[in-house]
1. V100 to D37: FRET efficiency via 1/(1 + (r/R0)^6), r the Cβ-Cβ distance, R0 25 Å, to the nearest 0.05?
2. Could you sort 63-71, 45-53, 75-83 so that the peptide with the highest average Cβ count within 10 Å comes first and the rest follow in order?
3. Sum up the charges of everything whose Cβ sits under 10 Å from the Cβ of L43, counting Lys and Arg as +1 and Asp and Glu as -1, but leave L43 out.
Amino acid sequence: MQEQLKSSHRRADVPVVADLPTQAGPVPDKMTIWPMDDGRYGLDATFQGASGYERAERHQEALDASGVRHSFRQELGGAWTIRFGPLSANDLSLALTAFVH
């Protein structure tokens with residue numbers, strides 16, 4: 001019954017996570033999205049501390065292997081940020097899926 005309820009409320013134009021070509025990786029401690037003047041977006045995924053560096057590094061390795069443009073930087077207070085952009089709304093959706101379980 002609950003599965004039937006879920007499927008009846010699913011909109012056809014909204015992709016299901018299983019339909020997207022990315023797999024979720026380690027979750028960041030903070031994510032920031034900002035609009036750009038040209039209608040695209042920027043995205044920061046920030047990881048805190050030593051374990052944060054290890055989680056960010058896993059994403060960085062996958063991004064490098066896939067040829068995805070990004071920057072990787074150390075922030076104040078022991079944080080590590082992976083920055084993307086500019087991204088289209090569709091690309092932003094795919095990038096978010098890589099970070100959210």
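Values in this text are rule-based calculations from the coordinates and carry no lab data. Quick caveat: nothing in here was measured; it's all calculated off a predicted structure. Positions of Cβ are generated from backbone atoms using ideal geometry, with glycine treated the same way; all protein chains shown enter the neighbour counts.
1. Once rounded, the FRET efficiency stands at 0.40.
2. Numbers: 63-71: 11.6, 45-53: 17.3, 75-83: 15.1.
Final packing ranking: 45-53, 75-83, 63-71.
3. Details: positive: R83; negative: D44, D91.
Residues near L43 contribute -1 overall.
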